[in-house]
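For reference, the structure discussed in these notes is given below.
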Amino acid sequence: MAGVRVNVNVGVLGHIDSGKTALARALSTTASTAAFDKQPQSRERGITLDLGFSCFSVPLPARLRSALPASRPAAPEAGPEPGEPQLQVTLVDCPGHASLIRTIIGGAQIIDLMMLVIDVTKGMQTQSAECLVIGQIACQKLIVVLNKTDLLAEGKKQATIDKMTKKMQKTLENTKFRGAPIIPVAAKPGGPEAPETEAPQGISELIELLTSQISIPTRDPSGPFLMSVDHCFSIKGQGTVMTGTILSGSIGLGDNVEIPALKVVKKVKSMQMFHMPVTSAMQGDRLGICVTQFDPKLLERGLVCAPESLHTVYAAIISVEKISYFRGPLQTKAKFHITVGHETVMGRLMFFSPAPDNFDHEPVLNTFDFSQEYLFQEQYLCKDLEPGATGSDQATEKAGQATEGLCPRQQWALVEFEKPVTCPRLCLVIGSRLDADIHTNMCRLAFHGVLLHGLEDKNYTESLLPKLRVYKLKHKHGFVERVIDDYSVIGRSLFKKETNIQLFVGLKVHLSTGELGVIDSSFGQSGKFKINIPGGLGPESKKILTPALKKRSRASKGEMAKQEEGAERQESAQHVSLSLSFKRYVFDTHKHMVQSP
Ligand SMILES: Nc1nc2c(ncn2[C@@H]2O[C@H](COP(=O)(O)OP(=O)(O)OP(=O)(O)O)[C@@H](O)[C@H]2O)c(=O)[nH]1
Ligand SMILES: [Mg+2]
């Protein structure tokens, strides 16, 4: 097994200024003196990676050797590499927040462990919380690093560390990282002004912890090749080299790769892993690909993939899960920053849920079923909708449709992007409000989900959306004004004066007395209409409706005003109301009104 190296990716995340970069630097340096000194030939600090990437190697722990698949490249082409098998830890140092989200989503499949860096003098801060949220979406394992312990007063140091450790344990309690290890360090004791000779503290212990926590994830060579490129440069006489991490699939020498952003296809001339030529590589590997006749200036970072494996979408149907820390509702028509694959663009949302009978359906996270009908929602439905939001009729209409406080097991959104995005199928989607003031103590991450269906046609509103059967439930209420005969009545207050009642002719209405009526025609000029009652009015209904009629006719013959009032009151007490319900499909250009049979 001599010469084998295995790569794992560790994300370094945390609030601004918590010391992520200092920690990445300290780890790389400490590791190279501790681990490489024994092997002078390995003194190199690994591939010089793009900003934000650094790496170090330690001897591969015995625990992990058995986990090595036999097919791992043993880098034999460049001659045997002496010494023990190595574990290469690639640190992905996440800088500012916006790029943080992109980096993490881009690397979601390849970050095997996340280090959450906490400034021990500050504790959890807004972005530490956001990182924890991202970690829960994208990562399986976590280590909390309490940094800057040198700033703690000497006498109270241990007590403060213990207190913060307890606090962090409590924070993790409600996350999937419950019980994750927490370790104190000082990545750059003395801060920026301190001399370089000041040695970091606790780093060897951290490396030990990291090595004990890391597991080599199952890598999958199947599926289309996709690589996230973080560096692109030319080598004289060779060609252009793109380095990065393979997100999915595998690649072999001589394969064609596409640079989707530029719509060019190139043949792989040579490949390197850990400075060694290789003939194949797969998911999780850090790789350099050499192609010819390609200007490195055209690509700084981005995606490289198997030809035609990515798609460019103008809109998408995504599954949605709200991030519970996000305050405020997720409203239809609202705009969010949507991170899809490696791009973040603005997108406008329309939420929808299963039809009420399907609220209990098992969530499906890899396809979208166009044959089903879905219920339009003014906003994402969740249990913590503000109290009262479902109290009044009007509010219910605002909050959602026909919910009665129930939450479906799965919800979706249609996202319409401000500009088209290129992404892999079924990629992770995160919605956020990156424009929110970072100084307010608010989680900017609003929801996450999976891109289930991309709309690739620019004219999707005409070509594809009509196939999306999302409906609104409409309810209208009115009253029976008077009886014409046993089989017909006049209705009022269901429509506005200017409504074209013709459109509603033939629709069924229910009388509060139980009869079913059918709208027959408009009646007069004030929005009244005639209703046919095919089964005839029941005797009880006639009794309710007729006295009012009589009294009114008597009143019109000049009864005393007082009595007239009484009659009116009686009439309103004996209202027979009308209700009209129908579905209207949001993307039906003809705006048909559909009633269930
Ligand atoms: N006293 C002390 N200062 C530290 C320590 N680690 C980092 N610093 C200082 O904290 C400041 C921020 O450190 P960085 O490593 O740049 O922090 P960062 O988290 O990478 O910051 P961003 O990338 O901007 O989010 C710098 O001035 C560091 O010198 C430490 O252990 N002790
Ligand atoms: Mg930094």
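The values are calculated or read from the model by the stated rules, or taken from the named source; none is laboratory data. Note that this is a predicted model, so its numbers are computed, not measured. Cβ atoms come from the backbone with ideal geometry, glycine included; neighbour counts cover every protein chain shown.
Here is a check on your reading of the model: is Ala187 more than 16 Å from ligand 2 (Cβ to nearest atom) and of a type in the set (A, V, I, L, M)? Outline the logic, then answer.
On the way: more than 16 Å from ligand 2 (Cβ to nearest atom): no; of a type in the set (A, V, I, L, M): yes.
Taking the combined requirement at face value, the residue does not satisfy it.
Taking the conditions (1) surrounded by 19 or more Cβ atoms within 10 Å (Cβ to Cβ); (2) of a type outside the set (A, V, I, L, M, F, W, C); (3) farther than 21 Å from Leu426 by Cβ; (4) away from ligand 2 (no atom under 16 Å from the Cβ) in turn, Asp230 satisfies each one other than (4).
Taking the stretch 247-264, which residues are among the hydrophobic types (A, V, I, L, M, F, W, C) and modelled with pLDDT under 90? Leu247, Ala261, Leu262 - these are the residues of the stretch 247-264 that are among the hydrophobic types (A, V, I, L, M, F, W, C) and modelled with pLDDT under 90.
Which of the residues spanning the stretch 306-335 are of a type outside the set (Val, Ile, Thr), within 13 Å of the chain's Cα centre (by Cα) and surrounded by fewer than 22 Cβ atoms within 10 Å (Cβ to Cβ)? Spell out the reasoning first.
Of all residues in the stretch 306-335, those of a type outside the set (Val, Ile, Thr) come to 306-311, 314-316, 319, 321-322, 324-331, 333-335.
Within this subset, residues satisfying the condition of being within 13 Å of the chain's Cα centre (by Cα) are 316, 319, 321-322, 324, 326, 330.
Of everything in the stretch 306-335, those that are of a type outside the set (Val, Ile, Thr), within 13 Å of the chain's Cα centre (by Cα) and surrounded by fewer than 22 Cβ atoms within 10 Å (Cβ to Cβ) turn out to be Ser319, Glu321, Lys322, Ser324, Phe326.
In the stretch 150-199, which residue that is within 11 Å of ligand 1 (Cβ to nearest atom) and part of a helix (DSSP H, G or I) is farthest from the chain's Cα centre (by Cα)? So, considering only residues that are within 11 Å of ligand 1 (Cβ to nearest atom) and part of a helix (DSSP H, G or I), the one farthest from the chain's Cα centre (by Cα) is Glu193. Of everything in the stretch 109-163 that is more than 16 Å from ligand 2 (Cβ to nearest atom) and basic (Lys, Arg), the residue that is farthest from Val89 (Cα to Cα) is Lys156.
Taking the numbered list (1) part of a strand (DSSP E or B); (2) loosely packed, with under 14 Cβ neighbours inside 10 Å in turn, Lys458 passes all entries but (1). For the stretch 468-482, the condition holds for at least one residue, the condition being that it is out of contact with any Cys (no Cβ under 6 Å at 6 or more places or on another chain), under 30 Å from Ser512 (Cα atoms), surrounded by 14 or more Cβ atoms within 10 Å (Cβ to Cβ) and β-branched (Val, Ile, Thr).
Going residue by residue through the stretch 164-172, is there one that turns out to be at pLDDT 90 or above, hydroxyl-bearing (Ser, Thr, Tyr) and over 26 Å from Phe274 (Cα atoms)? Walk me through how you get there before you give the answer.
Within the stretch 164-172, the first condition is being at pLDDT 90 or above, and the residues that meet it are 164-172.
Filter again for hydroxyl-bearing (Ser, Thr, Tyr), leaving 165, 171.
Keeping just the survivors that are over 26 Å from Phe274 (Cα atoms) gives 165, 171.
Yes, the stretch 164-172 contains a residue that is at pLDDT 90 or above, hydroxyl-bearing (Ser, Thr, Tyr) and over 26 Å from Phe274 (Cα atoms).
Of the set (1) without any contact (Cβ under 8 Å) to a residue 60 or more places away in the chain; (2) over 40 Å from the mean Cα position of the chain (by Cα), all apply to Asn459 but (2).
Before we move on, is Asn500 touching a residue at least 12 places away in the same chain (Cβ under 8 Å) and more than 22 Å from Ala261 (Cα to Cα)? It would help to see each step written out before you state the result.
Values: touching a residue at least 12 places away in the same chain (Cβ under 8 Å): no; more than 22 Å from Ala261 (Cα to Cα): yes.
When the stated conditions are applied, Asn500 does not pass them.
Taking the criterion of being in contact with a Ser or Thr (Cβ under 9 Å, 6 or more places away or on another chain), in a strand (DSSP E or B) and surrounded by fewer than 19 Cβ atoms within 10 Å (Cβ to Cβ), the residues of the stretch 257-300 that qualify are Lys267, Pro277, Ser280. Just one of the listed residues (Pro200, Pro224) is surrounded by 13 or more Cβ atoms within 10 Å (Cβ to Cβ), within 16 Å of ligand 2 (Cβ to nearest atom) and over 17 Å from Asp112 (Cβ atoms), namely Pro200. Hey, any hits in the stretch 202-212 for a residue that's within 11 Å of ligand 1 (Cβ to nearest atom), over 32 Å from the mean Cα position of the chain (by Cα) and not in a helix (DSSP H, G or I)? Yes: one or more hits.
Quick check, is Glu362 under 27 Å from Thr175 (Cβ atoms) and over 18 Å from the mean Cα position of the chain (by Cα)?
Numbers: under 27 Å from Thr175 (Cβ atoms): yes; over 18 Å from the mean Cα position of the chain (by Cα): yes.
It is true that Glu362 is under 27 Å from Thr175 (Cβ atoms) and over 18 Å from the mean Cα position of the chain (by Cα).
Based on what the data block shows, is Gly514 touching a residue at least 24 places away in the same chain (Cβ under 8 Å), under 48 Å from the mean Cα position of the chain (by Cα) and closer than 20 Å to Phe582 by Cα? Yes, satisfied. The set of residues in the stretch 244-256 being surrounded by fewer than 22 Cβ atoms within 10 Å (Cβ to Cβ) and in a strand (DSSP E or B) consists of Ser250, Gly252, Asn256.
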